Each structure stands twice: as structure tokens, then as C-alpha cells.
Amino acid sequence: MIEREFVLARAMNEPLQNTRVLLVDDDPKLCRLIASYLQPLGYSVDAEHTGPAGLSRALTGAFDVVLLDVMLPGLSGFDVLRELRKSSQIPVLMLTALGEEADRIVGLEMGADDYLPKTFSTRELLARLRAVLRRSALTARSQEPSQAAPIVLGELMIDTETHTVLLEGAPLTLTPVEYGLLLTLARAAGRVRTREQLLLEAADREFEAFDRAIDVHISSLRRKLGDDPRSPRFIETVRGTGYRFLKPAATLTADAGIG
């Protein structure tokens with residue numbers, strides 16, 4: 001089934017990407033199949049089959065994205081991701097077994113950019129890969145000099161020039177997805193953003209029914225903000241709809257006095 005998908009997708013004549021991919025998976029056959037699909041599209045693919053070897057290669061800085069399996073000999077994919085995130089924000093797409101929702105949630109909470117069940121189609125692989133790469137490119141561009149003024153909402157400041165977030169003057173370490181979500185919510189402060197909107201605007205993915213990725217990223221973002229969802233200072237859950245960034249009290253007072 002996977003081999004047939006690769007043949008069909010290759011015939012789509014996708015544009016070249018010239019992207020360096022590190023594939024960390026203990027299944028050599030799957031690695032060869034993924035490489036045979038991506039390489040004609042302009043991707044260079046290197047493979048490692050153990051956790052320690054994958055971590056060592058990922059830390060060299062020679063790659064643009066990592067495809068990381070959860071079940072690996074030596075170190076699990078979670079252990080690799082944990083160590084990698086101590087010093088690198090390289091995009092990471094986790095590969096998980098079918099139905100292992102817990103694996104996906106843990107990976108996202110630890111800083112993975114996205115997940116892909118091992119029963120993936122080649123079209124989904126390419127779409128997810130491109131999505132995390134686009135987010136990475138947007139993050140890099142956001143660090144270039146610009147004239148955009150920082151967004152200040154109470155004790156929170158988002159500097160879009162340097163891609164930094166300060167809470168009470170202390171910097172926060174956010175993943176690219178978390179930063180994108182926070183920026184999207186902050187720019188729409190006081191207005192509800194649906195999960196579909198957040199997936200499209202911040203996570204750069206098409207909406208999938210029952211997709212909990214946004215909820216997991218929001219949960220992680222709340223922890224870093226020290227925000228209690230039962231009594232939020234920043235991010236309010238709008239049940240059945242999505243999320244809203246709360247305007248600070250001073251802002252609300254100022255708005256009420258206008259006119």
C-alpha cells in the first residue's frame with residue numbers, strides 16, 4: 001500500500017524543495033521508501049536507525065527538519081526530542097503508531113511541531129513536511145529587521161522583530177507553533193479564534209475532525225504563561241468554539257472610555 005502511494009504521489013510532479021531531511025527510524029525499508037519518494041522532489045534525506053545516532057546528527061545543525069520515530073533503540077524518540085529541544089528549535093515531525101494518541105500528545109507537549117501516524121499517505125507526509133518548513137521559514141523571517149512595533153498586553157510583550165516574548169520582563173522559550181498561536185491570539189485580543197482558524201493561521205494545517213493538536217499546544221502555552229484555564233489571565237477557552245486572548249483590564253477601561 002505504501003509503495004503504491006509513493007509511485008502515485010511522485011507522478012504529481014511536485015516542485016523542488018532543496019531541503020535537508022534527517023529521518024530517524026529503525027525500519028530501514030520505510031527509510032528507503034521515504035527517501036526514494038522525497039529525493040526526486042529535491043529533498044536530500046539522511047537516515048539514522050537509533051536514538052543516540054539520530055540525536056547526534058540532529059545536533060550538527062546540518063539539517064532543516066527531522067522526521068523522528070517514537071520507538072527507537074538506545075533512546076526513545078521522546079528522549080531524543082527532549083535533549084534536542086535543550087539547544088535546538090529545528091522543526092520536528094514525530095512519526096507515531098496508529099491509534100497512539102498519548103504518544104502524539106506527549107510529543108506535542110515536549111516541543112514537536114507536528115505528528116504523523118505511521119499509516120500516512122505520501123500526500124500527507126509531503127503536506128505535513130511542507131507545513132513545518134513553512135512555519136520555520138516564517139519564524140526566521142520574523143527575526144529579520146522590521147518596523148513592526150512590539151505587541152504589549154498587560155505584563156506580556158511580543159517583539160515581532162526579534163521573535164521574543166517577555167512575561168513580566170522575563171523571556172519565555174516557545175516552540176514555533178506556540179509562538180504562532182500566541183501571536184495570532186494576541187493580534188485578535190478580545191475576539192474569539194476558532195480551532196479551524198488557529199490551525200490555518202498559526203499551525204499552517206488544514207483542519208482535521210477530532211484533531212487535538214491545537215488544544216495540546218494551547219495547554220503547553222498556558223503552562224509557560226503560568227495561566228490557569230479555570231481563572232485565565234491571558235487565554236480563555238470558549239467552549240465548543242475555540243480560544244480568546246483576554247484584554248488587560250487597563251485596555252478594557254480605555255476602550256470603554258472611547259467616544
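The values are calculated or read from the model by the stated rules, or taken from the named source; none is laboratory data. Quick caveat: nothing in here was measured; it's all calculated off a predicted structure. Backbone-built Cβ (ideal geometry, glycine too); neighbour counts: all protein chains shown.
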Within region 133-165, of all residues that are over 19 Å from the mean Cα position of the chain (by Cα) and of a type in the set (Gly, Ala, Ser), the one modelled with the lowest pLDDT is SER146
Condition set among the β-branched types (Val, Ile, Thr) and at pLDDT 90 or above, scope region 217-249, selection farthest from MET157 (Cα to Cα): answer is VAL238
Of the residues in region 39-51, those that are under 16 Å from ARG82 (Cα atoms) and touching a helix residue (DSSP H, G or I) at 6+ places or on another chain (Cβ under 8 Å) come to GLY51
*Determine whether region 96-104 contains at least one residue that is within 11 Å of ALA213 (Cα to Cα), of a type in the set (Ser, Thr, Tyr) and assigned to a strand (DSSP E or B).*
no
Checked region 27-63 for anything under 20 Å from MET110 (Cβ atoms) and of a type in the set (D, E, K, R); matches are GLU48, ARG57
